Amino acid sequence: MLRVTANSETCAVSSLCVYRLPGVFDQDEDGLVVVLDETPDGELHEEVRRAARGCPTKSIRVTEE
Ligand code: SF4
């Protein structure tokens, strides 16, 4: 299983992850990242990994369990 978490304290409000995966990531009223789905379906895993790699502040953590 893939688990995704995000650190809103280092999030730079770039919206990149939200744009890529709106069903997995969202933003709070300050624009900071919120994870909507910590265990996304298999067909999203590659895109989740890509979003983590693409986060400019490395605020997205992906762990495989
Ligand atoms: S890509 Fe990174 S910096 Fe940008 S909104 Fe998502 S978590 Fe924040």
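Any read-out appearing in this document is the output of simple, stated calculations on the displayed coordinates, not a laboratory observation. Treat the numbers as computed from the prediction; the structure is a model and nothing was measured. Counting neighbours? That spans all protein chains shown, and the Cβs are built from the backbone with ideal geometry, glycine included.
Cβ-Cβ distance below 7 Å, separation of 6 or more or different chains: which pairs start in the stretch 1-26 with a residue that is over 16 Å from R49 (Cα atoms) and end on one that is more than 6 Å from the ligand (Cβ to nearest atom) and assigned to a loop (DSSP other than H, G, I, E, B)?
Between residues of the stretch 1-26 that are over 16 Å from R49 (Cα atoms) and residues that are more than 6 Å from the ligand (Cβ to nearest atom) and assigned to a loop (DSSP other than H, G, I, E, B), the close pairs are S8/L32; C11/L32; V13/G31; V13/L32; D26/L36.
Only one of these conditions is not met by E29: (1) more than 12 Å from the chain's Cα centre (by Cα); (2) surrounded by 14 or more Cβ atoms within 10 Å (Cβ to Cβ). Which number is it?
If we test E29 against (1) more than 12 Å from the chain's Cα centre (by Cα); (2) surrounded by 14 or more Cβ atoms within 10 Å (Cβ to Cβ), just (2) comes out false.
Please verify whether the stretch 44-63 includes one or more residues that are within 10 Å of the ligand (Cβ to nearest atom), in a loop (DSSP other than H, G, I, E, B) and loosely packed, with under 13 Cβ neighbours inside 10 Å.
Checked the stretch 44-63: at least one residue is within 10 Å of the ligand (Cβ to nearest atom), in a loop (DSSP other than H, G, I, E, B) and loosely packed, with under 13 Cβ neighbours inside 10 Å.
Looking at the stretch 38-65, which of its residues are among the aliphatic types (A, V, I, L, M) and touching a residue at least 60 places away in the same chain (Cβ under 8 Å)? Lay out the reasoning, then the answer.
Filtering the stretch 38-65 down to residues among the aliphatic types (A, V, I, L, M) leaves 44, 48, 51-52, 60, 62.
Selection gives V62 alone.
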